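> Quick one: structure below, then a few questions.
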Amino acid sequence: MDHQQILAVTQSWLEKAVIGLNLCPFAKAVHVKQQIRYAISDANNTRDLHARLLAEIEFLLEADPENVETTLLIHPQILHDFLDFNDFLDVAEALLVDLKADGILQIASFHPQYQFFGTKPDDIENYTNRSPYPTLHLIREASIERVLDSYPDTDDIYQKNIDTLQRLGLAGWRALFAQQ
C-alpha cells in the first residue's frame, strides 16, 4: 500500500471507531481542527523506527499546539507481531526519558493484534486499541490535563468503551470497516 492508502485507512479507522464510537472523547476536537499529524514511517527495522520516532518527538516538542496537537506515527512495515511491538514500547518510553520529554509527552499504543493482559485474542475489549497498522500516538500531557479537567468521569471511559464494544460485538466491529 502506498502512503495515501495507509493514510485513508487510518483516517477511516479514526473516524469510524475512535470518534464514531466515542472510544476517545478527546479525538473529535483535534480531528475537526485538523491538528493531528499523520506520520507514516517506511522503517523496516527497529533502528530506523527509533530514528523516526526521535524525529517525531522532536517535531512535536517544537510544534505550535494550535497547529499540531498530537501525532500518529504509523509504521506498517515493522512490528507486526504484537509482542515485538509491545517490547518496542519500552524503547519508545526510554526515548522520552532520554529527551527529557516524559511529563511533556506520552505515548499511547495501537496495533492490529492489540491484546490487554489477561484477555484472549478475540476479546472485544482489545478492540479499543486495535488499529489498521502498528501506531504510536504521541500526546501532549498538557492537552490531556486540559481535557481531563473539563470531562466528567474520566475514570469511566475505559468501562464505557468496553460496554460500547460489547453491544457492538465482533460482527458489528467488522461491519464498520466492511465497505473500505
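> Taking a temperature of 25 °C and a viscosity of 0.890 mPa s, what whole-number D in µm²/s does Stokes-Einstein yield for the stretch 83-132 with Rh from Kirkwood over alpha carbon pairs?
On the way: Rh = 12.0 Å.
It comes out at roughly 204 µm²/s.
> Further, regarding this structure: Tell me, what HN-Hα J-couplings in whole Hz come from the Karplus equation 6.51 cos²θ - 1.76 cosθ + 1.60 at θ = phi - 60° for each residue of the stretch 77-94, using x for Gly and Pro?
Once θ is set to phi - 60°, the couplings for the stretch 77-94 become 9, 8, 6, 5, 6, 4, 5, 5, 4, 4, 5, 5, 4, 4, 5, 4, 5, 4 Hz.
> A further question on this structure: Would you please give the residues with an amide H less than 5 Å from that of ARG37, counting only those at least 5 places away or on a separate chain, with H modeled from the backbone geometry?
Those qualifying (amide H under 5 Å, at least 5 residues apart or on another chain) are GLU69, THR70, THR71, LEU72.
> Now for a separate question. When only C-alpha pairs under 8 Å and at least 6 residues apart count, what is the relative contact order of the chain, in percent? Working shown, then result.
Working: 216 pairs, mean separation 41.3, N = 180.
The value is 23 percent.
> Over 32 Å between C-alpha atoms is what I'm after, so list which of LYS16/LYS100; LYS33/LYS100; LYS33/LYS160; LYS28/LYS100 land there. Each step should come with its number before you reach the end.
Numbers: LYS16/LYS100 35 Å; LYS33/LYS100 28 Å; LYS33/LYS160 25 Å; LYS28/LYS100 29 Å.
With Cα atoms farther than 32 Å apart: LYS16/LYS100.
> Local charge sum around LYS16 (other residues, Cβ-Cβ under 13 Å, Lys/Arg +1, Asp/Glu -1)?
On the way: positive: LYS28, ARG130, ARG174; negative: GLU15.
Taking every Cβ under 13 Å from that of LYS16, the sum is +2.
> Follow-up. Do the sum for the chain: with -39,500 (n - 2.57) for every DSSP H run of n ≥ 4, divided by all residues, what is the mean residue ellipticity at 222 nm, to the nearest 500 deg cm²/dmol? Intermediate results must be reported in sequence, preceding the final value.
Values: 6 runs with 81 residues, N = 180.
Mean residue ellipticity, 222 nm, calculated: -14500 deg cm²/dmol.
> Considering only DSSP beta bridges whose two residues both sit in the stretch 3-176, what percent are antiparallel, to the nearest 5? Display every interim value, and only then the final one.
Working: 11 of 17 bridges.
If we restrict to bridges inside the stretch 3-176, about 65 percent are antiparallel.
> What label, among (1) 121; (2) 167; (3) 109, belongs to volume of the Cα convex hull per residue in Å³ computed from the structure on display?
Only one listed value fits the structure, namely (1).
> Please give the net charge around GLN115, taking every other residue with its beta carbon less than 10 angstrom from that of GLN115, where Lys and Arg add +1 and Asp and Glu add -1.
On the way: positive: LYS120, ARG130; negative: ASP122, ASP123, GLU125.
Within the 10 Å Cβ shell, the charges total -1.
> Which one, ILE36, ALA51, LEU99, projects farthest toward the positive side of the charge dipole computed for the chain from Cβ point charges (K/R +1, D/E -1)?
In the chain, that residue is ILE36.
Values in this text are rule-based calculations from the coordinates and carry no lab data. None of these values were measured; they are calculated from a predicted model. For neighbour counting, all protein chains shown are included, and Cβ atoms are generated from backbone atoms with ideal geometry for every residue, glycine included.
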